[in-house]
Amino acid sequence: MTGAQTLALFDAQVTSRLLDLAGRWLSGFGEGYFTVESAGHEGDAAVAAALRPTDPVLLHARSGAFYCLRAAQAAGAFPAAPPPSATAATDSPDTGVPDLPSEPDADGDSSPSAPTAPEPGRSRSGSAPPGAVPYQDLDADPGDREAASLPSGAGIVVDADGDATVVVPDLPQPAPDDAFAAAARDVLRGIVASAEEPAAGGRAKVFGRADLAVVPTTSAAGSHLPRAVGLGLALERLRRGARASDGEADAASWPADAVVVCSFDDAAVDHATATAALNTTGWYDHTGLRIPVLFVCADSGASAEGWVAATLRSRPGIRYFAADGTDVAATYRIAAEAADWVRRQRRPAVLHLSTVRLMEQGDGDAARDPLLATARLLVTSGYAGGEELLARYDERGWQLRRVAEEVLDEPKLASPVEIVRELAPRRPVRVSRAVAEAAAHAAGPGAGARAEAFGGKPPELTGPLTLAQSINAALADGMLDHPGTAVFGHEVAARGGVYGVTEGLRDRFGAARVFDTLPDETSILGLGLGAGLAGLLPVPEIRHLASLHGAEDQLRGEAATMRFLSRGAFRNPMVVRVPGLASPDGLGGHDRNDNSLGALRDVPGLVVAVPARPDDAAPMLRTCLAAARVDGSVCVFVEPIALYHVRDLYTDGDDEWTAEYAEPGTWADRHVPIGRARVYGIGSAEDLTIITFGNGVRMSLRAAATLAGEGVGSRVVDLRWLAPLPVADIIREASATGRVLVVDETRRTGGVGEGVLSALVDTGYVGAARRVAALDSFVPLGPAARQVLVSAEAITQGARTLLAR
C-alpha cells in the first residue's frame, strides 16, 4: 500500500469520524435525526480500497469510512497502483476450503481475473497529491525503507557546516469540494432528512447510491444478509448465461466478475437472519453452486471472547480470513487477498475484522483507535508529519461544518405525496399493455415454443381446469414470456411443491430456472430479493402461510422498502406464492391452516392477491408478473389450499368450480387490474351485498343460492385483491342494496373485514352492515376446525339476521 493510498484512507477515516461528531452537533439543537456512529470501525475504509468501485455492496449502519472511500474511488480520487508482477503469489490461510480450478466464463476464458488490489509483500508505486512524496511502500520493513533511494519530490538542503537535511514538501490541503466532502454531504443530508439526499431522499438515513453500487439497507441487524446471498447467486447465474427480465425500468447491472460485499457487525452474528444466510451460503457451496459473496464482520468485542471467530470459522463452505481492523495496511492486504480469492473462485468467504468500540458504542481502548493508527503509520513512515495531519483534521472539520450548515437549508419532505411517491408506483395502463404484449407474443412469434413447452397440447385445449392446474399453466406461460422468470422453493422442482402446483415445470424449463432450496423461508425470500435486484423476475414459493410469518421481515423490512430507501434507483420485483388460508377439515392443524393475513396487509406498498376461481387465478397471476416487471412491485399471491383441487360448487359432479383456460388471444380482454373486484349476481341481486374473498366466495355463492330459494336476491363481491382493497367496487356494490354482509375467513380481530368496514365508513356509507368472521383462535386439528371457521350455514344465518333488521 502506497503512502498516497494511506493518506486517502486517512481522509476517509477522518471524514467518517467528523461525521459522527457533526451528527451529535446537529442533534444537539434538534436538527439531526440519526446518530448511529462509525467510530472505531473506520478500518473498513481499507476494505473498500481493496475492492472495485463496481462491486455491489450492502453496508451496515457503522460503515461511514467505507462509504467515503467508495465515493473517492468512484470519483477517481483514490490513487491507483500498478498491477503486481505476474509471478507474484499470495498465500491463502488454511481454512479447510480448498481452491477450485478456475471455471470458464461465459465467453470461454478460464484465466483468473486480475487481482482486486496489489498483492501483499511487493513494492508498488502510486501517484501522490501534487507536491507530496509520490511513493512510499508502507508495507515494507522500516529498515528497507531507510535503505531505499530518496523519494521523488524530496529535496536536500546543505547548511553552512556541510550537514545535509532531507526536506519533504508539505502535504496539500484538501480541496473544498473534493470527493470526501461530497460523500460527507450525502451522509449529512441523511442525518438532517434533506429531500436532496441521494439514496432515500430524506425518508431514512442509509448508506446507498446507485452510481456507487451501494445498495441501501435497513438498520435491522443482519436482515440484509439473505439478500446478499440471493444477489450473489443471481449474478453467477447471469454470468453463466441466464437472461435478465426486460422490464421498462432498467435493472441494476454489474460486471460479470463482480463480487457481492455484505458487511455486518458482531451483534448480527447471533441473529436468525444472519445465521440463515450463512447456512444457505454454505449449503449451496456444498452442492456445487457458486456464490461470489464476501461477508465482512466488524467485531468490536461485544460478544463473549472468541465466540465470533469460532462461529465464523466453523461455517462449512465459507472461507475464513481475519485481520486487525484498526491496522489499515494489514486490513488492506488481507481484504485484497480475500476479494481476489472470491473473484477468482466465485465462492463465498468471510473477512473477520477486529474493531474497537468508541464514542457512543462504549469505552473502547483508545490506543486501538484506527484513526490514530493510520496517522501513526503516516508519521513513522515519513510520509507526513503529525502537525500536518492535525492541520488536515482541522481543515476537514471546517469543511464539514460548512457542508452541514448548507444542508440545513435544504428542503425537507413536506407532503404525503412526496413521501409515498416511490413506495409502490402503480402504472395500470402499462401493466395492461404488458399483458397484451405477452398475449400477442404467445399467439404469434412464441406460439411454436409454447406448443412445444406444453407438449403440443396447450392448456386451453385440455378442458376445464382446477385452481391448481390453472396456476400451473399460468406459471408456464409466464416463464415462456419472461426469460428472466425463476421459480424456486422447497421441493418445487423435484416434487412440484407441497400441493403439486409446480409439477412438470422443471422438465419444461430446466433446473437453472426451476430449482429446489433449503426449507427455510428467510433464505427463500432472500434469494428472491437478490434475484430481483439483479434484474431477474423471481417467483418463490413458501410452503404454507404459517411458515411465512417467521420470515415476514424479509418482505416488510427488505422487499417493500427498497424503492422507498432508494428513490426507485433500486428495485426487487417479486411474486411470492403462498398456499394459505384454512381448510374446514382442519387437515394438519394450525401449522398448515393459518388464516392470518393482517401482517401482510399492514406492509405499505405490498400487493396481496387471493384468487378463488381458476378463471381468476391465471389472469391475476399474469397481472402480478406484469406489475413486478413493469413497476417493480412486490406481490404475495395467496392460494387457498382448500380450493386447489375442488371441482364442484353446488352439487357433486356439477364441475362449476372448474373453468376453461383462456387462449392467448383473449388475455387482454380478460385482464384483471390490481384493485378490481368481481361481482356475481344471484336472483334479483337487489336485496343484499355479500363481500368476501378466497374460500368465502364459494361458501357465499352457496349461501346466496339458498337465500334465492327464499326470495332474496344477492350480489356476491369477490374482493380478489386484499391490498390494495377494491374500494370503489366495494362502495358501488354496497350502495346498490343498502345491506352489506362482510364474510371474512380471517380472524375477527385484525382481519380483512375490518378494512372493508373502515372503507365503508370512510366513504360515508349509511346502510346496514354486519360481519361473519372466523373466531380469534388458532385453527384446531380435524373437525373441530369447523367450530372456529366461517361456514355457508353461518353466512346464511348472518344474512337472515341482517335482512330482519
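Quick rundown of the values:
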read-out	value
Residue under evaluation TYR499, criteria (1) assigned to a loop (DSSP other than H, G, I, E, B); (2) at pLDDT below 90, criterion not met	(2)
Residue in the stretch 65-81 that is most open to solvent (accessible area, probe 1.4 Å), counting only those that are part of a helix (DSSP H, G or I) and more than 22 Å from ARG333 (Cβ to Cβ)	ALA74
Test: residue in the stretch 622-632 that is crowded, with 18+ Cβ neighbours inside 10 Å and of a type in the set (Lys, Arg)	yes
The lone exception for HIS590 - which of (1) assigned to a loop (DSSP other than H, G, I, E, B); (2) modelled with pLDDT under 95 it fails	(1)
Members of the stretch 484-494 that are touching an Asp or Glu at 6+ places or on another chain (Cβ under 8 Å) and either aliphatic (A, V, I, L, M) or part of a loop (DSSP other than H, G, I, E, B) (or both)	GLY484, VAL487, HIS490, GLU491, VAL492, ALA493, ALA494
Residue list for the stretch 706-717, filter: closer than 21 Å to ARG771 by Cβ and in a helix (DSSP H, G or I)	THR706, LEU707
Hey, ALA512 over 30 Å from PHE207 (Cβ atoms), touching a residue at least 40 places away in the same chain (Cβ under 8 Å) and either part of a strand (DSSP E or B) or open to solvent by 30 Å² or more (accessible area, probe 1.4 Å) (or both) or not	yes
Residue match in the stretch 404-417 (condition: in a helix (DSSP H, G or I), β-branched (Val, Ile, Thr) and modelled with pLDDT under 95)	yes
Whichever residue in the stretch 744-766 is part of a loop (DSSP other than H, G, I, E, B) and in contact with a strand residue (DSSP E or B) (Cβ under 6 Å, 6 or more places away or on another chain) and, among such residues, is most open to solvent (accessible area, probe 1.4 Å)	ARG748
The stretch 721-743 - residue that is in a loop (DSSP other than H, G, I, E, B) and without any contact (Cβ under 8 Å) to a residue 60 or more places away in the chain and, of those, least open to solvent (accessible area, probe 1.4 Å)	PRO726
Out of ASP585, ASP553, ASP520, ASP594, sole residue that is open to solvent by 10 Å² or more (accessible area, probe 1.4 Å) and within 12 Å of ARG227 (Cβ to Cβ)	ASP553
First in the stretch 661-683 and within 30 Å of GLY709 (Cβ to Cβ) and in contact (Cβ under 8 Å) with a residue 40 or more places away in the chain, second anywhere and buried (at least 18 other Cβ atoms within 10 Å of the Cβ) and basic (Lys, Arg), Cβ under 7 Å, 6 or more apart	ALA677/ARG720; ARG678/ARG720; VAL679/ARG715
Residue pairs meeting the criteria (Cβ under 6 Å; at least 6 apart or on separate chains; first surrounded by fewer than 24 Cβ atoms within 10 Å (Cβ to Cβ), in the stretch 19-48; second of a type in the set (Asp, Glu) and not in a loop (DSSP other than H, G, I, E, B))	GLU37/ASP20; GLU37/GLU360
Which listed residue, of ARG357, ARG402, ARG433, ARG344, is open to solvent by 20 Å² or more (accessible area, probe 1.4 Å) and under 30 Å from GLY288 (Cβ atoms)	ARG344
Strands (runs of 3 or more DSSP E) fully within the stretch 612-697 counting 1 or more residues that are among the charged types (D, E, K, R)	634-640, 678-682
Failed condition for ASP615, given (1) surrounded by 19 or more Cβ atoms within 10 Å (Cβ to Cβ); (2) closer than 22 Å to PRO538 by Cα	(2)
Top-ranked residue in the stretch 418-430 [being of a type in the set (A, V, I, L, M) and assigned to a helix (DSSP H, G or I); ranked as most open to solvent (accessible area, probe 1.4 Å)]	VAL429
The listed residue being at pLDDT 95 or above and among the aliphatic types (A, V, I, L, M), out of LEU719, LEU789	LEU719
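The values are calculated or read from the model by the stated rules, or taken from the named source; none is laboratory data. Small disclaimer: the values here were computed from a predicted structure and weren't measured. Backbone-built Cβ (ideal geometry, glycine too); neighbour counts: all protein chains shown. When the accessible area is computed, the model is the full protein with side chains, heavy atoms only, and any ligands, DNA or RNA have been set aside. Shrake-Rupley method; radii C 1.70, N 1.55, O 1.52, S 1.80 Å.
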